[in-house]
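J.: Here's a structure for you.
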Amino acid sequence: MRGLLSRLIRRAHARTEIANSLRHVLLWRLRGISVGPGTRIGRGVEVSLGGRTGCVRIGPKCILRSGAQVHCHGGAVELGHHVYVGEHVVIYGHGGVAIGDNSLIGMHTCIIAATHRVPTAGGLIRREADEPLPVRIGSDVWLGAGVKVLGGVTIGDGCVVGAGAVVTKDLPPGSRAVGVPARVIGRREDA
């Protein structure tokens, strides 16, 4: 009896998740956000275009887990096919963010496609404008939990970036990188 009840509860929960996901997709499409078929969206996921020039394109079969945030700030954010975005991931798209097919973005990762100009002494940092810088993340990339990716960075196809790393420079395809700042420690074929 317990097993049957558990299965019924799981099915009801799954149906509720699907209904919530479909509701999100429909509302986002009405706002001009492109969402591919089969995409699943968790609770509390936020997407904002940040003006008329902002653009979000989410490919088919993507998964955006609960609490994920995508803020374009007038830039473009593009997720390829079958991209997984973990819980509480934050993507700021000022300068444009492109994430390739079959990539996995671990929970609490932050991708920032901009930097903040630093004024000379005596100037107020708060008054300086953001400088948009594109971020490109290739296909089949795995960013571990809590990774930070800064503006102007390209992460090549097939890279693996260890949890907590801060990526400040480009990573060549197939690299394994860790640390603050992230440094290449090997290649995937060496693993």
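The values are calculated or read from the model by the stated rules, or taken from the named source; none is laboratory data. Just so you know, these numbers come straight off a predicted model, no measurement behind them. All Cβ positions, even for glycine, are placed from backbone atoms using ideal geometry, and neighbour counts span all protein chains on display.
J.: Being touching a residue at least 40 places away in the same chain (Cβ under 8 Å), surrounded by 17 or more Cβ atoms within 10 Å (Cβ to Cβ) and not β-branched (Val, Ile, Thr) narrows it down to one of Gly86, Gly96, so name that one.
T.: After applying the criteria, what remains is Gly86.
J.: Considering Leu124, Leu79, which residue is of a type in the set (A, V, I, L, M) and crowded, with 17+ Cβ neighbours inside 10 Å?
T.: Unique residue meeting the criteria: Leu79.
J.: Considering only region 161-175, state which residues are over 17 Å from Ala114 (Cα atoms), touching a strand residue (DSSP E or B) at 6+ places or on another chain (Cβ under 6 Å) and surrounded by fewer than 21 Cβ atoms within 10 Å (Cβ to Cβ). Walk me through it before giving the result.
T.: If we filter region 161-175 for residues that are over 17 Å from Ala114 (Cα atoms), which is where we start, we get 161-165, 171-175.
Imposing the further condition that a residue be touching a strand residue (DSSP E or B) at 6+ places or on another chain (Cβ under 6 Å) reduces the set to 161-162, 165, 171, 174-175.
Once the filter is applied, which keeps residues that are over 17 Å from Ala114 (Cα atoms), touching a strand residue (DSSP E or B) at 6+ places or on another chain (Cβ under 6 Å) and surrounded by fewer than 21 Cβ atoms within 10 Å (Cβ to Cβ), region 161-175 yields Gly162, Gly174.
J.: Any residue at all in region 135-142 that is modelled with pLDDT of 95 or more and more than 14 Å from the chain's Cα centre (by Cα)?
T.: No, because not a single residue in region 135-142 is modelled with pLDDT of 95 or more and more than 14 Å from the chain's Cα centre (by Cα).
Residues checked against (1) at pLDDT 95 or above; (2) at positive phi:
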{"site": "Gly122", "(1), (2)": "no, yes"}
{"site": "Glu128", "(1), (2)": "no, no"}
{"site": "Leu150", "(1), (2)": "yes, no"}
{"site": "Val178", "(1), (2)": "yes, no"}
{"site": "Pro181", "(1), (2)": "yes, no"}
{"site": "Asp190", "(1), (2)": "no, no"}
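J.: Test of understanding: among Pro134, Pro60, which residue is out of contact with any Phe, Trp or Tyr (no Cβ under 9 Å at 6 or more places or on another chain), under 30 Å from Ser175 (Cα atoms), free of Cβ contacts under 8 Å to residues at least 60 places away in the same chain and buried (at least 17 other Cβ atoms within 10 Å of the Cβ)? Spell out how you get there, then give the answer.
T.: On the way: Pro60 fails: buried (at least 17 other Cβ atoms within 10 Å of the Cβ).
Among Pro134, Pro60, only Pro134 is out of contact with any Phe, Trp or Tyr (no Cβ under 9 Å at 6 or more places or on another chain), under 30 Å from Ser175 (Cα atoms), free of Cβ contacts under 8 Å to residues at least 60 places away in the same chain and buried (at least 17 other Cβ atoms within 10 Å of the Cβ).
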